Amino acid sequence: MEVCLFCRLFYLNLAWFIASWLLYYIIGAKRMGGSGTSRKWLVNYWGMVFTGMLLTWFIPFSINTMFWAGIGIIILGLLVFSLTYFAMREHPEKKKAVVDWGIYAMFRHPLVMGSNIGILGVIVAGWNPSSTLYIVLCVYFAVYVLFNRFAMRNEEKRNIERFGQEYVDYMKKVPRFLPRRRRLNMEV
């Protein structure tokens, strides 16, 4: 595997991170504000982001098939971010407190899913299972996904406090992370 001397996974990680924030400003997701995440969760989140950036600084990548597959996965993650931000724009006909349209009608935490997909893309782009640091990065990803799972539960508790029964009803009809397969009602 031939490695570019100045190709560090850090730059790809930073590029997708910046692109996701630029999409937020370009699309104008005005309903962003969330449920008022606690300081503890914010500190942990930024700690996880910093750790991921630091790890990727030490991992080189090659421009090969896995790199391009990773780029495709990152683009998919950015697409999920875009759909999420479009759903969070102000809609005059939809002044409801709980956003339950667009991508939010399929699952409750599309930003988390977009983030996980983006980081997975970075990991795939830097494919090098013979590197110890790459294995550490894969373990970091597993911990990041687990952290997000706990963060989603925390956010749901805060949303129940904030929106009440409306959010509980939303939770009953929309899955947390992965869309459910819809059952076909076959009438004979």
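The values are calculated or read from the model by the stated rules, or taken from the named source; none is laboratory data. Small disclaimer: the values here were computed from a predicted structure and weren't measured. Positions of Cβ are backbone-derived with ideal geometry, glycine not excepted, and every protein chain shown enters the neighbour counts. Note: accessible area is taken over every heavy atom of the protein model, side chains too, but ligands, DNA and RNA are not part of it. Shrake-Rupley method; radii C 1.70, N 1.55, O 1.52, S 1.80 Å.
Scanning the stretch 81-95 for residues that are modelled with pLDDT under 90 and open to solvent by 30 Å² or more (accessible area, probe 1.4 Å) turns up PHE86, ARG89, GLU90, HIS91, PRO92, GLU93, LYS94, LYS95. In the set ALA151, ALA69, only one residue is under 23 Å from ALA15 (Cβ atoms), open to solvent by less than 50 Å² (accessible area, probe 1.4 Å) and in a helix (DSSP H, G or I); that residue is ALA69.
Spot the failing condition for ARG8; the list is (1) at pLDDT below 85; (2) among the charged types (D, E, K, R); (3) surrounded by 12 or more Cβ atoms within 10 Å (Cβ to Cβ), and only one is missed. Single failed check for ARG8: (1). Any chance you could count how many residues in the stretch 51-63 are open to solvent by 50 Å² or more (accessible area, probe 1.4 Å) and touching a residue at least 60 places away in the same chain (Cβ under 8 Å)? Of the residues in the stretch 51-63, 3 are open to solvent by 50 Å² or more (accessible area, probe 1.4 Å) and touching a residue at least 60 places away in the same chain (Cβ under 8 Å).
Yes/no matrix, rows are residues, columns are (1) farther than 18 Å from LEU23 by Cβ; (2) open to solvent by less than 70 Å² (accessible area, probe 1.4 Å); (3) assigned to a helix (DSSP H, G or I):
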position	(1), (2), (3)
TYR45	yes, yes, yes
VAL49	no, yes, yes
LEU79	no, no, yes
ALA97	yes, yes, no
PHE107	yes, yes, no
SER115	no, yes, yes
ILE119	no, yes, yes
TYR134	yes, yes, yes
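In the stretch 154-167, the residues that are on the phi > 0 side of the Ramachandran plot and in contact (Cβ under 8 Å) with a residue 24 or more places away in the chain form no Cβ pair under 8 Å with any partner that is among the acidic types (Asp, Glu) and surrounded by 15 or more Cβ atoms within 10 Å (Cβ to Cβ), whether six or more places apart or across chains. Of all the numbered requirements in (1) assigned to a helix (DSSP H, G or I); (2) touching a residue at least 12 places away in the same chain (Cβ under 8 Å), LYS172 misses one, and that requirement is (2).
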